[in-house]
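Here's the structure, in C-alpha cells; my notes come after.
The values are calculated or read from the model by the stated rules, or taken from the named source; none is laboratory data. From a predicted model like this one, the values you see are computed outputs, not experimental measurements. Using ideal geometry, Cβ is built from the backbone for each residue, glycine included, and neighbour counts are taken over all protein chains shown.
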Amino acid sequence: METANRGVLRIRDITKTFPQPDAADITVLNHINLDFRSGEFVSLIGPSGCGKSTLLRLIAGLNDPDSGSIELDGEDVHKPGYERGLVFQDPTLFPWKTIYENIAFGLRARGVYRAEKHNIPEFFRLVGLEGFEKSYPHHLSGGMAQRAALARALINNPRALLLDEPLGALDAFTRMNMQDEILKIWEDRRMTTIMVTHDVDEAIYMAERIVVMSARPAKIEKIIDVEIGRPRRRDDPDFLDLRAKILQILHFAGSRQEPEYNL
C-alpha cells in the first residue's frame, strides 16, 4: 500500500458498555463515528473518565466493541496487530531486558529480527538514545524510558500510532521537549497518529484536528481543525483564542459528568 494511503481509520457506530457486578452497567461510548485521514495527527480530549482511552484500546484491538466496526485501510480490527503501535502513559518496558532487547522485541515477535535487525540503530538515533543500547530500564529517566517505548512501537513501521497520554507522568520541562520530539518523528514519517490527552495546550500544540468528547455516555461534542501554522507558540493570540474556545466546550461537555470510574 502506498504511504499516501496508509493509516486510514474508519470508526462506525461504536458502542461500549462495561458490566458492573453490584451496580448498573456503565455505557462509556455511545454510537461513536469518526474518520482519521492518512498521516494526520489527531488529539482526543474530554472530561476525565469519558472513554478516550477505551476508544484507543478498541482501535488497538485490546478490547472489542459491543456494536459497530473499526477498519484500518479497509481491514476490520478485531485483535492487536503490529500495524497499530501503542504507547501508554507508563513506558511498560520489560525490566529484565536491555533497551536494545526492548526495542527489538517487536521484530522478534513478528519473526523478522534477522532480516530487519540492521534497522535497529536507526530507531535509537530517531529517539535520541544512542549509547544506551546495553542499559536497562531502571537506568533511564522517565523521559528516556518513554523514548524507548516510542521506538519499540515505531520499529514495526505501524500505519497508525496510538498514544495514550504518553507524556502525562513527565515533568513540565521534559513533557514539552517530548512533545517536540514526537512532532519531529511524525513530520518525518507522517504516520496517522492519535493521541489521548487531558492537556488542552498539548492538544493544540501538537494536533491537526482535536476531537472533543462529552461525558459518559460519550459522544463527539466537537471536531476542531487547528488552523495555526507550525512551529506553534503557546502565547500566540490564535493559540490562546482556540484554547478558550475548547475550554468552554469542555465545560459544557463535562456538565453531564457521571460519577468517575477509571475506564
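Data overview
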read-out: Thr193 within 15 Å of the chain's Cα centre (by Cα) and among the hydroxyl-bearing types (Ser, Thr, Tyr); value: yes
read-out: Search result, residues across the stretch 156-178 that are surrounded by 18 or more Cβ atoms within 10 Å (Cβ to Cβ), within 29 Å of Leu72 (Cα to Cα) and not aliphatic (A, V, I, L, M); value: Asn156, Pro158, Arg159, Asp164, Glu165, Pro166
read-out: Enumerated helices (runs of 4 or more DSSP H) restricted to the stretch 83-126, each holding at least 2 residues that are in contact with a helix residue (DSSP H, G or I) (Cβ under 8 Å, 6 or more places away or on another chain) and either among the small types (Gly, Ala, Ser) or surrounded by fewer than 17 Cβ atoms within 10 Å (Cβ to Cβ) (or both); value: 99-110, 113-116
read-out: Number of the condition not met by Ser48 [criteria: (1) outside any strand (DSSP E or B); (2) polar (S, T, N, Q); (3) in contact with a helix residue (DSSP H, G or I) (Cβ under 8 Å, 6 or more places away or on another chain); (4) under 21 Å from Met206 (Cα atoms)]; value: (3)
read-out: Single unsatisfied condition, Tyr100 versus (1) out of contact with any Ser or Thr (no Cβ under 7 Å at 6 or more places or on another chain); (2) assigned by TED's automatic domain parsing to the domain that holds Asp13; value: (2)
